1. In whole Hz, with x marking every Gly and Pro, tabulate ³J(HN,Hα) for the stretch 117-125 from phi via Karplus 6.51 cos²θ - 1.76 cosθ + 1.60, θ = phi - 60°.
2. Run the simple label-point estimate for PHE138 and ARG100 please: 7 Å along Cα→C-beta, distance reported in nm.
3. Taking the simple approach of a point 7 Å from Cα along Cα-to-Cβ for both LEU4 and PHE116, what is their distance in nm?
4. Can you flag which of LYS5/LYS117; LYS22/LYS117; LYS7/LYS117; LYS22/LYS51 are past 19 Å Cα-Cα?
5. List the equivalent ellipsoid semi-axes of the stretch 27-67 in whole Å, largest first, each obtained as the square root of 5λ for an eigenvalue λ of the Cα gyration tensor.
6. Of LEU43, LEU122, LEU16, which has the largest mean-square fluctuation in a 10 Å C-alpha GNM of the chain?
7. Going by amide H atoms built from the backbone, whose H comes under 5 Å of the H on LEU28, apart from near neighbours?
8. What is the gain in length, in nm to one decimal, between ALA14 and ASN107 on full extension, counting 0.36 nm per residue of separation less the C-alpha to C-alpha distance?
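The values are calculated or read from the model by the stated rules, or taken from the named source; none is laboratory data. What you see is a predicted model, and the numbers here were worked out from it, not measured in a lab. Quick reminder, even Gly has a Cβ in these numbers, built from the backbone with ideal geometry, and neighbours come from all protein chains shown. The area values use the complete protein model at the heavy-atom level, side chains included, leaving out ligands, DNA and RNA. Shrake-Rupley method; radii C 1.70, N 1.55, O 1.52, S 1.80 Å.
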Amino acid sequence: MEKLKIKYFTDQIAHLEYIEGKSDWIDLRASEDVELKKGEFKLVPLGIAVKLPEGYEAHIVPRSSTYKNFGIIQANSCGIIDCSYCGDNDMWMMPVIAMRDTVIHVNDRICQFRIFKNQPELVFEETGHLEGADRGGFGSTGRS
């Protein structure tokens with residue numbers, strides 16, 4: 001079991017909770033009201049800073065209902081937070097673009113995260129031929 005030190009910037013959001021057997025993803029909430037017009041960009045504050053274990057990173061992605069409920073998409077598709085982003089003022093945020101006019105309220109669950117071990121060191125060895133089966137190139141899976 002890994003322990004994560006967490007700082008809350010507000011008492012208006014529910015505290016993080018790991019629910020065993022439900023999902024490995026932990027919901028994150030907006031820590032302030034945000035109003036967006038269609039096409040606007042905003043960093044939505046999530047109200048927490050976290051000290052991740054050495055050698056780990058957090059991946060932040062929208063919840064499955066985020067677009068349906070709020071009409072927003074995450075501007076960077078997947079947010080990566082490394083273990084060095086752990087200071088008192090390093091609040092996690094979600095960069096969003098509004099696809100319609102919308103309002104996000106304090107404590108609304110808008111994204112989720114999980115932690116992963118950092119990728120191991122890689123060595124690239126150039127070759128003129130790969131031994132694997134040729135699948136037909138990008139986008140070819142499932143074509144007759």
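1. 5, 4, 4, x, 4, 10, 10, 9, 10
2. Simple spin-label model gives 3.2 nm for this pair.
3. 1.5
4. Details: LYS5/LYS117 17 Å; LYS22/LYS117 21 Å; LYS7/LYS117 22 Å; LYS22/LYS51 24 Å.
Check vs 19 Å cut-off fails for LYS22/LYS117; LYS7/LYS117; LYS22/LYS51.
5. 24, 13, 10
6. LEU122
7. Those qualifying (amide H under 5 Å, at least 5 residues apart or on another chain) are ILE110, CYS111, GLN112, PHE113.
8. Values: separation 93, 0.36 × 93 = 33.48 nm, distance 0.67 nm.
Net length gain for the segment: 32.8 nm.
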